[in-house]
Amino acid sequence: MNHRFRIAIDGPAGAGKSTVARRLAQRLGFLYIDTGAMYRALTLKALEVGARWDDPEALAQLARESRIELVPAPETSRGIRVFLDGREVTEAVRAPEVGRHVSKLAAVPQVREVMVEQQRALAAQGGVVMDGRDVGSVILPDAELKIFLTATPEERARRRWLELQAQGYAVTWDEVVRDVTERDRLDATRTTAPLRKMPDAIEVETTGRDVETVVEEILRLARGGGRHALPDAQTPGEASPLGFLPGGPDRR
Ligand code: DC
């Protein structure tokens, strides 16, 4: 596998993307880029300055004039530190309040344009593991390996709940389920760059599996050459929407 290899990891909230991507990057000596943290940082700023959520141009302007930096920090639990206009916001971007508003901002095409440009620049050198919702579809459509991580809705809500509890936020289980479901719905149904499993992405289930097992599976795929080593069962088909929209899990 060459050092310019790019691994795209997409999937819904709580599928384990950041944990897996971070560990994978560590194992490969690659740069880990958390694109969700960028949308979160901008959402934090929009909340702080009282931006108008119904004004796409104003939000895009906010994106253009903000400096969002991701600094590798392998020694920390998230693997990166997030800075907004020079101020560290690593913890602040995880607040439930940010989580509740981020999908609104991420649905604005003009904002995504600014973000995607920055994200492509970050990945330009290769040797990256990038996680998000549109990495394989928009940011790096020619990534050498595309992974679509999934987990059951219950497992994803459980992970988010544990994460918020660990950070000391007093949220109820019902609130977390509601927030995760609503965010998934918005992310998967928006017009611009909705969350989708791309035909050439390999779906990897994380429910009930430990991080190392999942990481080993992806490493095997990467060492096999990525897209050129797709097993028969994963031959490209139609892009399919997610299976956790209202109406219950759609097991394809
Ligand atoms: O991965 P996360 O939960 O930190 O992402 C926060 C939000 O940002 C999520 O609701 C969807 C959005 N997002 C996006 O639209 N595109 C990305 N590449 C990454 C995240």
(request) Give the stretch 166-193 a look and list any residue that's buried (at least 18 other Cβ atoms within 10 Å of the Cβ) and part of a loop (DSSP other than H, G, I, E, B), or say none. (result) 190, 193
(request) Go through (1) crowded, with 24+ Cβ neighbours inside 10 Å; (2) of a type outside the set (A, V, I, L, M); (3) in contact with a strand residue (DSSP E or B) (Cβ under 8 Å, 6 or more places away or on another chain) and name the single condition residue 156 misses. (result) (3)
(request) Test residue 4 against the criterion of being open to solvent by 20 Å² or more (accessible area, probe 1.4 Å) and either in contact (Cβ under 8 Å) with a residue 24 or more places away in the chain or touching a His at 6+ places or on another chain (Cβ under 6 Å) (or both), and give yes or no. (result) yes
(request) Within the stretch 90-148, track down each residue that is among the hydroxyl-bearing types (Ser, Thr, Tyr) and within 23 Å of residue 169 (Cβ to Cβ). (result) 90, 103
(request) Kindly check whether there is at least one residue in the stretch 145-164 that is part of a loop (DSSP other than H, G, I, E, B), at pLDDT 85 or above and closer than 27 Å to residue 102 by Cα. (result) yes
(request) May I ask you to verify whether residue 102 is within 13 Å of the ligand (Cβ to nearest atom), over 17 Å from residue 5 (Cα atoms) and over 15 Å from the mean Cα position of the chain (by Cα)? (result) no
(message) Return the residues of the stretch 121-139 that are open to solvent by 10 Å² or more (accessible area, probe 1.4 Å) and either of a type in the set (Asp, Glu) or within 11 Å of the ligand (Cβ to nearest atom) (or both); say none if nothing qualifies.
(response) 133, 137, 138
(request) Check off (1) more than 19 Å from residue 34 (Cα to Cα); (2) within 12 Å of the ligand (Cβ to nearest atom); (3) polar (S, T, N, Q) for residue 118 and give me the number that stays unchecked. (result) (1)
(request) Please give the number of the condition residue 158 fails out of (1) on the phi < 0 side of the Ramachandran plot; (2) touching a Lys or Arg at 6+ places or on another chain (Cβ under 9 Å); (3) not β-branched (Val, Ile, Thr). (result) (2)
(message) So residue 119 ticks every box in (1) closer than 21 Å to residue 80 by Cα; (2) more than 15 Å from the chain's Cα centre (by Cα); (3) polar (S, T, N, Q); (4) in a helix (DSSP H, G or I) but one. Which box is left unticked?
(response) (2)
(message) Residue under question is residue 43, and the condition is that it be within 13 Å of the ligand (Cβ to nearest atom) and of a type in the set (Ser, Thr, Tyr); does it hold?
(response) yes
(message) Please list, ordered by residue number, the strands (runs of 3 or more DSSP E) wholly in the stretch 26-97 having 3 or more residues that are open to solvent by 30 Å² or more (accessible area, probe 1.4 Å) and without any contact (Cβ under 8 Å) to a residue 12 or more places away in the chain.
(response) none
(request) For residue 199, indicate whether it is part of a loop (DSSP other than H, G, I, E, B), at pLDDT 90 or above, away from the ligand (no atom under 13 Å from the Cβ) and open to solvent by less than 60 Å² (accessible area, probe 1.4 Å). (result) yes
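The values are calculated or read from the model by the stated rules, or taken from the named source; none is laboratory data. Keep in mind that this is a model prediction, so the values were computed, not measured. Virtual Cβ from ideal backbone geometry, glycine too; neighbours counted across all protein chains shown. The protein model used for the area step is the full one, side chains on, heavy atoms only, and it has no ligands, DNA or RNA in it. Shrake-Rupley method; radii C 1.70, N 1.55, O 1.52, S 1.80 Å.
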